[in-house]
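Quick notes on the structure that follows.
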Amino acid sequence: MAYLETAKQYTGNDVEQIFFRPMLTGAAAENLGIRILYNMPTPTTVQIWDGFRNVLRKYTEGGWKGSMKSAKYQKTIDMHRVKAESSFSAADYFSLVYEQISARPDVNFEDLSGTILEEAETTLFKQAIAENLRTTMWIGDTSSNLEYNTFNGFLKHLHDYTEDECINHLSFTAEDLKDPSYVITLFDTMWEYSSPRLQDTKHEGQLAYFVTSDIYQLYERYLDSMGIEASYVGMVEGRRELMYHGIPIVDVRLSNYLPLTSLHQSFALLTDRRNLVLAVNTADMPGNEVRMWYNPDEMENRQRAVFMAGCEILDEDMLTYAYRQ
């Protein structure tokens, strides 16, 4: 077998069940570290309730003495129609798929069925789409003429919010980052700047510091400098997860992408994970599909996916943002 020539097309429920839902739920969703809404009705509107307050009353007489109604807010996520396309030379594409297959212990290379090949092809394309969704949800900018301009990402929203002075934000300099101990000052200041509403949610275990790799590595160097046995073990063996005062430190892994943008190149964001929302829809728009086929004229394998995506910060008061000047 030299080429993969069998065309594959997913439409309707197949797009959801075979392709997107496994990529956007479960462990795959947890790796993104944020809240994901999949196939919510379009336009995708998120309801935010302020909660019931002061419901207790003295029970001295009958009648209704209910508290005031809970305040309800809503935010509509701006969804954009997007298209993912890729192509490989037939020989290179077969090598990529063959590598996927060779990693499986249950494969009989004397009998490569169509199902096994289809799973390998689908896995490759899903990985590419997942990485592009992850990147765009952070650095997307529809006003840019460069890459990643299909929908506005979190950094674009944060940039606009800081210009309007409508969020808690502070800045630091490149000189500050030369001292590893500054990272502690940064995290403490961000906590002090944060709203009481955000601080009160710490017990729910959803708070996180989302940081660029330079700040993540600065915190690692600070921990390495501590003169205790645990720091030595961490320096030698590495640390699977960094935390500060019980709050996870999440490396957003954008070092390869931020230089392509005019957005802040170094930043830290303290917020509730559920406050950052990525919405993907494959059901409410005609023409949504995933297609993989072989083009004999160009002798290349091609893939295409058409769907809707967008992201939003639900509550600007529930975050603190710090960036390098």
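The values are calculated or read from the model by the stated rules, or taken from the named source; none is laboratory data. All values derive from a computational prediction rather than experimental measurement. Cβ placement follows ideal geometry from the backbone for every residue including glycine, while neighbour counts extend to all protein chains displayed. Protein only, heavy atoms only, side chains kept; ligands, DNA and RNA dropped before computing areas. Shrake-Rupley method; radii C 1.70, N 1.55, O 1.52, S 1.80 Å.
Give the range 213-234 a look and list any residue that's β-branched (Val, Ile, Thr) and either in contact with a Gly (Cβ under 8 Å, 6 or more places away or on another chain) or at pLDDT 90 or above (or both), or say none.
Result: 215, single match.
Selection of the range 1-12 for residues being open to solvent by 80 Å² or more (accessible area, probe 1.4 Å), at pLDDT below 80 and either part of a strand (DSSP E or B) or among the polar types (S, T, N, Q) (or both) yields only 6.
Being buried (at least 22 other Cβ atoms within 10 Å of the Cβ), modelled with pLDDT of 90 or more, of a type outside the set (S, T, N, Q) and touching a strand residue (DSSP E or B) at 6+ places or on another chain (Cβ under 9 Å) is the requirement here; does residue 314 meet it? No: the conditions fail for residue 314. Every condition in (1) assigned to a helix (DSSP H, G or I); (2) open to solvent by 80 Å² or more (accessible area, probe 1.4 Å); (3) at pLDDT below 70 is met by residue 118 except one, and the failing one is (2). Of the residues making up the range 241-262, just one is outside any strand (DSSP E or B) and closer than 12 Å to residue 220 by Cβ, namely 241. The residues of the range 26-56 that are outside any strand (DSSP E or B) and either at pLDDT 75 or above or in contact with a helix residue (DSSP H, G or I) (Cβ under 9 Å, 6 or more places away or on another chain) (or both), listed by number, are 28, 29, 31, 32, 33, 34, 39, 40, 41, 42, 43. For residue 133, indicate whether it is part of a helix (DSSP H, G or I), under 22 Å from residue 275 (Cα atoms), open to solvent by less than 20 Å² (accessible area, probe 1.4 Å) and modelled with pLDDT under 95. Judged against the criteria, residue 133 is a match. Among residues that are modelled with pLDDT of 80 or more, at negative phi and open to solvent by 30 Å² or more (accessible area, probe 1.4 Å), residue 145 is included. The set of residues from the range 57-79 being over 27 Å from residue 200 (Cβ atoms) and either loosely packed, with under 10 Cβ neighbours inside 10 Å or modelled with pLDDT under 70 (or both) comprises 59, 60, 61, 62, 63, 64. Going residue by residue through the range 275-285, is there one that turns out to be touching a helix residue (DSSP H, G or I) at 6+ places or on another chain (Cβ under 6 Å), open to solvent by less than 10 Å² (accessible area, probe 1.4 Å) and farther than 29 Å from residue 47 by Cα? Within the range 275-285, none of the residues are touching a helix residue (DSSP H, G or I) at 6+ places or on another chain (Cβ under 6 Å), open to solvent by less than 10 Å² (accessible area, probe 1.4 Å) and farther than 29 Å from residue 47 by Cα.
Residues of the range 148-185 that are open to solvent by less than 20 Å² (accessible area, probe 1.4 Å), outside any strand (DSSP E or B) and either closer than 22 Å to residue 83 by Cα or among the hydrophobic types (A, V, I, L, M, F, W, C) (or both): 151, 153, 154, 155, 158, 167, 183.
The set of residues in the range 265-307 that are assigned to a loop (DSSP other than H, G, I, E, B) and more than 30 Å from residue 168 (Cβ to Cβ) comprises 282, 283, 284, 285, 286, 287, 288, 296, 297, 298, 299. Residues that are within 26 Å of the chain's Cα centre (by Cα) and hydrophobic (A, V, I, L, M, F, W, C) within the range 291-325 comprise 292, 305, 306, 307, 308, 309, 311, 313, 314, 318, 319, 322, listed in sequence order. Considering the conditions (1) modelled with pLDDT under 90; (2) in a helix (DSSP H, G or I); (3) open to solvent by 50 Å² or more (accessible area, probe 1.4 Å), residue 126 is excluded by exactly one of them, (3).
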